[in-house]
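The values are calculated or read from the model by the stated rules, or taken from the named source; none is laboratory data. Bear in mind the structure is a predicted one, so any value in this text is a computation, not a measurement. FYI the Cβ positions are ideal-geometry reconstructions off the backbone, even for glycines, and counts take in every protein chain you see.
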Protein chains: 2
Amino acid sequence: MVHGYMGKILRLDLTRNEAVAEETPDDLIKQFIGGRGFGIKILWDELSPNIDPLSPENKLVFTIGPLTSTGVHSASRWLAQFKSPLTGTYGRSSGGSHFGAELKFAGYDALIIEGRASKPTYVWVNEDKVEFRDANLVWGMTTGNTRDFLLDETDKKARMVTIGPAGERLVKIAAIVTDDMRTASRGGGGAVMGAKNLKAIVVRGTKKPEPYDKEALKEAIKEQAESYKSNFAFEGFSNFGTNMSVHFMYLAGHNPTFNFKQEELDIVERFSPEVLGQYMVKHGGCHICMIRCWKTYKLTKGAYAGTVSDMPEYETYFAYGSNIGNKNIESIVYANKLSDEYGIDTISAGSAIAFAIELYEKGIISKYETDGLELRWGDPDVLVELVKRIALRDGFGNILAEGTKKAAEIIGRGAEKYAQQIKGLELPGYDPRTAKAQGLSYVTSPIGASHCIGWNTFELIGFAIGKPTDPLTTEGKGELAKYCQDETALSEVGIICHFPVNMGMVNAELCSKLLYAATGIEEFRDPKYLWLVGEKIFNLERAFNVREGFTRQDDTAPERILREPVPRPPSKGQIFELEQLLNDYYKVRGWDIKTGIPTKDKFEELGLSYVAKTLEEMGKLPE
Amino acid sequence: MVHGYMGKILRLDLTRNEAVAEETPDDLIKQFIGGRGFGIKILWDELSPNIDPLSPENKLVFTIGPLTSTGVHSASRWLAQFKSPLTGTYGRSSGGSHFGAELKFAGYDALIIEGRASKPTYVWVNEDKVEFRDANLVWGMTTGNTRDFLLDETDKKARMVTIGPAGERLVKIAAIVTDDMRTASRGGGGAVMGAKNLKAIVVRGTKKPEPYDKEALKEAIKEQAESYKSNFAFEGFSNFGTNMSVHFMYLAGHNPTFNFKQEELDIVERFSPEVLGQYMVKHGGCHICMIRCWKTYKLTKGAYAGTVSDMPEYETYFAYGSNIGNKNIESIVYANKLSDEYGIDTISAGSAIAFAIELYEKGIISKYETDGLELRWGDPDVLVELVKRIALRDGFGNILAEGTKKAAEIIGRGAEKYAQQIKGLELPGYDPRTAKAQGLSYVTSPIGASHCIGWNTFELIGFAIGKPTDPLTTEGKGELAKYCQDETALSEVGIICHFPVNMGMVNAELCSKLLYAATGIEEFRDPKYLWLVGEKIFNLERAFNVREGFTRQDDTAPERILREPVPRPPSKGQIFELEQLLNDYYKVRGWDIKTGIPTKDKFEELGLSYVAKTLEEMGKLPE
């Protein structure tokens, strides 16, 4: 068994109620290291193109990495990877908390879920003992109740992921939620679980990984801790979490308002860390992480008094706040809590709500389509009602539950003009017009518009990779986007959280030290190798989408982003220069400019000849 | 130390942060046995008359009994006793679950809480180690969240009682709630805790009581189990809990509708056990009880989909259902859950809502008083909204939060005519006009209109104490009311749950066997002694109220009950014949007919000469 790994991948066939622990292949380890690398390689190898993401043919892979539970900070994230029912692309969503660590303690490097259970089921993984259990009792329950009942039925110390009613109802923006309300929410992983009749996975274990060089690992962890402490963002992030940046990002022009219309938002100082901090009553964090960016909120006044919830993250303040013109913080906290309990993605849900409000404003839909709800900007009741109705597929919510892109198709009448999505995934809280590398990341992301798959923190704050950067210029943005994308990919083999990576607390050099000390694999000593693996992962993800039929024409942005100039400073007048930016980016990537498909040479350079071969056979490889 | 007892009463002075474990006096044990007897004796001895119930001078006594945690079934209830802020009378409210058992394991026969903490506090009783801890974190939280945080801070295996936001806000109908949502909800005990700045009491222990004769106790428990199994109600009650009786009680005419207007309720079969049973997903029960009357409900459809909650009890179906004309079962389940989380009494809250709806119907109040809410019979949204607003003292809810009697005073304009309360406590779900002994129990109950302090099950079903009974006649009802009141009191020294007692599963003879085997106290061998103690307790509670100024004129009923004939069969035309029934009852009780005050002779007969002396000195004893 390779150091740092547990040596087993657990394959769960829900159709046959079969659990098989397979050996983690050495070649997979060397080529893809872990985490995101494992997931995309398994999906590439095992999924046929053009399957229905909600059919038994789809697979759901949960991965962790060789750094998980080794004492390395911020290394306990887990990824859910699957073909997305929201976008039809490859899907990757990242979750935190203790589930990943527990999976390692149970003795596994990954879980592969396949088939479909004949009735509501949950899986109880107690180290080598795996049971497929009846989930009838908890089917229909919110995530918190499901946790309470299933930990009662299994082991109070177990850790788990579950879906809420939204996942069961195949809501396309349904999330996967941990026992303590951390979510892997993007791209509809919850619907994939729901389609498999899989309510939850409960895991418990007592095994420990055995690092290769404990002394060197300790040293590298010390270096990591020092790097954290000396980072410009550490103290703020540790004290306030993503509360730190909401007001700032608005002032910097990045935070979108009113469905990306970008009109000014009054009393925006309500989103300042000082105001938001008033709700904080407790700090928390994932398994082994000195940042502790989780905050617990308590509401004691107003309509939502009595609510205790995880703090909404930056993206939720955007999605349930500024982007629908809502400055009622309490309603955002409450809707965030509902979203965790029902199990939906707050970014996509908020974007669907903003979209609906704008359609209502423009007269494209009316009270007759919304079950009598008057959709007004900034109305907390609209937010709370629509979150529920989307999650439960109730009335008008049933349309929005398909995601903004599909909802626009259903509604017709020109609605697609107002759908802020890329490849079907709703845009997060940074306007592509105001940060061009960030925008490029969205446009070229393999999962649709995601801020987590190449987040350009340093562009957003105007200082990138050692030198000042103007977020509004297009120059050099292809390179910057590629850099952040590959860096995120290389760190997500560990799996290191993308926050410390994108904020410069962890770089490839440190990743390399950590990975070599944990595994003893010679290749991992070289940061260049990691960059290669990061690029390889990103290109394999691209290839997955190419196989599904995606090309350059899908690397686009909503009409508003491409044509409507931003009306407010400091980005006033800006649009997103799509074609120019893409040309630059493809060139840097070594991809065919016309089709946006990696060239045969690029695939070969990355050790992906077999991928090139497959695409060639399908007639999808550029000349 | 006397067998069956733990030998200590823990006195907690919140003003001084002092905890003192006093020896449980032998004389108290012999005279009052435990539970309700202990509580009223302590309150009589230690409270001055006419104190403000929300002042530091009020005391809150938590009691258990010598049968708690001895293996006896249904003996783990605990009582909260205090001067009620809702009624100004003596207050006794009964709760279930494991808190009482844990208090015994911690080594105590009772807790006495006095004074007022200078800031939000909770008490952590870990056997002999008692800490007064800062409750700032959980202040403002609902009961479920409070449990999660405090068990985290203390011991996951601890048990607790807490208040929700309602208790903190001194809502006069605020409940005390256990870690698993069982409530002692009547009379505003939650507000007494709130006024003392006491958010919660968390208890943990490992001690065990030592019964006097284990063999005899085992035998008596066997007899108890057999008595349960052969009882007519056991199977139904075990399978359905109080779901069993809702539809039946409507058909029998007892279940009140539309604020006791008693108009017919259509589609009332929605309240049948078959329909209600569809929501049941799990059975549960208090510490050591073979009935297991708790049921967990799960809602999977409609507006409240995702809700998991304790089943509403009979009284809640009445209060949030028939009495407000609401046949939407899901809304009752949801509002019940909210009530547990915010910590309010469902009977009083529902009655306040029914009262408000009738005032609105009659035009006594309008949208201008209700913050725009249109109060209509049978509207689930009115129920849910008003439950929240009462619990949070929000707008119009702030008036109803005072309880129906006080709310009627505040509103004026003849509103008191529609307030269905006795001594300030709202009527439970049996119409006094349709069951005269039950009505007498309400009218003469020391805590106001309670169904728990002499519940006449057998009158309600037409067969009382061995012979057929017509609930509509007045004859012999004084005796029947006294019988049930004294029987409840004598069983609540154990403390045996009033359900098995009032349904005839446990009688005084069995109580006597259990108590003697547990304690070895010679007097307890004689059931007559228990009847004497029961009557003594009831008379001492009466004396407490007499000392506060209550007399015959307070033993009355709402105008509707006294003057409006029931409009529907089988009780059509009935009113409650107050004076005639009271005269009969006082005579049977040996109380002065004119004033309703126990005579000196009666007090002396019951060993309460010191009580007679006090009242005599106050000029309150009848000639």
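Tabulated data for the structure shown
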item	result
Test: residue in the range B:300-311 that is touching a residue at least 60 places away in the same chain (Cβ under 8 Å) and basic (Lys, Arg)	no
Subset of the range B:259-293 (residues that are part of a loop (DSSP other than H, G, I, E, B) and over 23 Å from the mean Cα position of the chain (by Cα))	B:261, B:262, B:263, B:264, B:265, B:266, B:267, B:272, B:278, B:279
Boolean, residue B:225 is within 14 Å of chain A (Cβ to nearest Cβ), over 30 Å from residue B:83 (Cβ atoms) and either at pLDDT 95 or above or touching a Pro at 6+ places or on another chain (Cβ under 9 Å) (or both)	no
Unique residue being hydroxyl-bearing (Ser, Thr, Tyr) and more than 14 Å from every other protein chain (Cβ to nearest Cβ) when the list is A:304, A:314	A:314
Residues located in the range A:398-415, provided they are on the phi < 0 side of the Ramachandran plot and in contact (Cβ under 8 Å) with a residue 12 or more places away in the chain	A:399, A:400, A:401, A:402, A:404, A:405, A:406, A:407, A:408, A:411, A:415
Matching entry among A:51, A:29, A:42 (being within 20 Å of the chain's Cα centre (by Cα), surrounded by fewer than 23 Cβ atoms within 10 Å (Cβ to Cβ) and in contact (Cβ under 8 Å) with a residue 24 or more places away in the chain)	A:42
Every residue from the range A:173-205 that is assigned to a loop (DSSP other than H, G, I, E, B), closer than 22 Å to residue B:148 by Cα and away from every other protein chain (no Cβ under 14 Å)	A:182
Matching residues, the range B:290-301, being more than 9 Å from every other protein chain (Cβ to nearest Cβ) and either crowded, with 22+ Cβ neighbours inside 10 Å or within 18 Å of residue B:277 (Cα to Cα) (or both)	B:291, B:292, B:293, B:294, B:295, B:297
Residue in the range B:140-155 that is of a type outside the set (A, V, I, L, M) and under 20 Å from the mean Cα position of the chain (by Cα) present	yes
Residue in the range B:102-118 that is farther than 25 Å from residue B:43 by Cβ, at pLDDT 95 or above, surrounded by fewer than 19 Cβ atoms within 10 Å (Cβ to Cβ) and more than 27 Å from the chain's Cα centre (by Cα) present	no
Those residues of the range A:409-427 which are crowded, with 24+ Cβ neighbours inside 10 Å and more than 16 Å from residue A:562 (Cα to Cα), in sequence order	A:424, A:425
Residues (in a helix (DSSP H, G or I), surrounded by fewer than 18 Cβ atoms within 10 Å (Cβ to Cβ) and either among the acidic types (Asp, Glu) or away from chain B (no Cβ under 14 Å) (or both)) located in the range A:356-405	A:361, A:381
Residue list for the range B:325-336, restricted to those being within 14 Å of chain A (Cβ to nearest Cβ) and buried (at least 22 other Cβ atoms within 10 Å of the Cβ)	B:333, B:334
Options B:80, B:75: the member that is assigned to a strand (DSSP E or B), in contact (Cβ under 8 Å) with a residue 40 or more places away in the chain and either among the small types (Gly, Ala, Ser) or in contact with a helix residue (DSSP H, G or I) (Cβ under 9 Å, 6 or more places away or on another chain) (or both)	B:80
Condition met for residue A:296 (under 24 Å from residue A:348 (Cα atoms), among the hydroxyl-bearing types (Ser, Thr, Tyr) and in a helix (DSSP H, G or I))	no
Matching residues in the range A:557-582 - criterion: being buried (at least 16 other Cβ atoms within 10 Å of the Cβ) and of a type in the set (S, T, N, Q)	A:571, A:574
Residue within the range B:505-515 that is among the aliphatic types (A, V, I, L, M), under 21 Å from the mean Cα position of the chain (by Cα) and closer than 30 Å to residue B:86 by Cα present	no
Meets criteria (of a type in the set (Lys, Arg), more than 18 Å from residue A:164 (Cβ to Cβ) and assigned by TED's automatic domain parsing to the domain that holds residue A:355) for residue A:301	yes
Qualifying residue in the range B:276-285 (condition: without any contact (Cβ under 8 Å) to a residue 12 or more places away in the chain and either within 14 Å of chain A (Cβ to nearest Cβ) or not small (Gly, Ala, Ser) (or both))	yes
Any hit, the range A:589-596, residues being more than 25 Å from residue A:30 (Cα to Cα), modelled with pLDDT of 95 or more and assigned to a helix (DSSP H, G or I)	no
Filter result for the condition that a residue is under 21 Å from residue B:559 (Cβ atoms), of a type in the set (Gly, Ala, Ser) and either within 22 Å of the chain's Cα centre (by Cα) or within 14 Å of another protein chain (Cβ to nearest Cβ) (or both), over B:339, B:322	B:322
Failed criterion for residue B:623 (all others in (1) under 24 Å from residue B:81 (Cα atoms); (2) not assigned by TED's automatic domain parsing to the domain that holds residue B:485 hold)	(1)
Index of the failed condition, residue A:462 passing every other in (1) in contact with a strand residue (DSSP E or B) (Cβ under 6 Å, 6 or more places away or on another chain); (2) more than 16 Å from residue A:186 (Cβ to Cβ)	(1)
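Each row is one residue, and each column tells you yes or no for (1) within 25 Å of residue B:346 (Cβ to Cβ); (2) touching a residue at least 40 places away in the same chain (Cβ under 8 Å); (3) in contact with a Phe, Trp or Tyr (Cβ under 8 Å, 6 or more places away or on another chain).
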| position | (1), (2), (3) |
| --- | --- |
| B:183 | yes, yes, no |
| B:193 | yes, yes, no |
| B:206 | no, yes, yes |
| B:230 | no, no, no |
| B:241 | yes, yes, yes |
